[in-house]
Amino acid sequence: MSGQGGKTKESIIEAAIELFTTKGFNGTTIRDIAARAKLNPANISYYFHGKQGLLEACLVSFFEAYLSLLDEEKRKIEWEDPEICLHRAIRKILVFQSDNHLLTRLVWREITIDSQVSREIISSYLMKERYYLKALTSAALGKNYSALPVSMMIIQLKGMLSTPFLNSHYVSEVWGMHPKDPYFIEKYYESVIDWIQATVNVQKSALFMEHLSSPVIKTV
């Protein structure tokens with residue numbers, strides 16, 4: 001594809017992300033997107049075969065980049081400290097979502113909608129995401145105890161990573177910051193890491209107290 005064609009597609013995707021986020025998929029028309037991108041509506045049909053194809057392109061562009069970050073750190077656990085790899089993956093994900101906050105909000109919002117697009121496109125990517133998060137989390141925990149099963153840790157970690165971008169207005173109103181702000185990302189990253197450490201340490205303490213309080217069985 002020519003350089004001009006690539007720029008045209010990029011302009012269409014950027015316009016679509018903004019409009020899908022603010023007006024919703026159903027509330028956005030091909031003409032709206034074309035007008036925002038300052039292009040002929042025929043360009044959208046040519047490159048994306050309609051509005052649904054354009055939404056799919058937005059989702060794919062997000063998940064391909066997002067999963068590549070997880071894949072990179074998952075590969076490194078073979079020769080680096082897995083805990084460092086997990087922490088680094090978390091930071092990369094937060095920074096990536098911050099740099100693409102409108103697209104991120106669109107993607108996580110689409111996941112909450114049981115649509116044909118979400119079932120056919122998103123489900124396969126979510127399975128890959130689960131695989132990477134499980135591999136990184138399990139390796140980082142090693143033989144340590146956790147207050148939660150790994151599956152539940154992944155669910156909560158996933159929620160912590162996506163919630164600020166899905167509810168960016170709430171973050172702005174309560175904390176006076178936006179998820180696209182580097183300062184917010186830095187402080188939020190520290191909070192997520194603190195949660196991981198506390199989840200492991202709490203279970204260690206709980207097991208110790210359970211051991212002390214368990215009845216002693218006397219044998220004759």
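Descending by average beta-carbon neighbour count within 10 Å, the peptides 153-163, 21-31 line up as 153-163, 21-31, the highest first.
Pairs of alpha-carbon atoms within less than 8 angstrom and 6+ residues apart define the contacts here; what relative contact order does segment 32-137 have, in percent?
Working: 56 pairs, mean separation 35.3, N = 106.
Computed over segment 32-137, the figure is 33 percent.
Taking a ≥ b ≥ c as the square roots of the Cα gyration tensor eigenvalues, with a/c under 1.5 meaning rounded and otherwise prolate when a/b beats b/c, else oblate, which class fits segment 6-64?
Because its axes are fairly even, with a/c under 1.5, segment 6-64 counts as rounded.
Excluding ligands, DNA and RNA, the accessible surface per residue across segment 1-117 is 51 Å² with a 1.4 Å probe. Were the residues from TRP195 through LEU39 laid out at 0.36 nm apart, the gain over their Cα-Cα distance would be 51.5 nm.
Please sort by residue number the chymotrypsin sites (Phe, Trp or Tyr not before Pro) in segment 41-135 whose DSSP state is loop and whose Cβ has at most 10 other Cβ atoms within 10 Å. Don't skip to the answer; put the middle values down first.
Working: sites: TYR46, TYR47, PHE48, PHE62, PHE63, TYR66, TRP79, PHE96, TRP108, TYR125, TYR131, TYR132; in loops: TRP79.
Listed in order of number, the matching sites are TRP79.
Taking all protein chains as shown and a probe of 1.4 angstrom, HIS169 keeps an accessible surface of around 110 Å².
Where a ≥ b ≥ c are the square roots of the eigenvalues of the C-alpha gyration tensor, would you call segment 45-177 rounded, which needs a/c under 1.5, or, failing that, prolate if a/b is larger than b/c, or oblate? It is prolate, given that a/c is not under 1.5 and a/b is the larger ratio.
The values are calculated or read from the model by the stated rules, or taken from the named source; none is laboratory data. Here the structure is a predicted model, which is why all the values come from computation and not from measurement. We place every Cβ from the backbone using ideal geometry, glycine too, and count neighbours over all the protein chains shown. When the accessible area is computed, the model is the full protein with side chains, heavy atoms only, and any ligands, DNA or RNA have been set aside. Shrake-Rupley method; radii C 1.70, N 1.55, O 1.52, S 1.80 Å.
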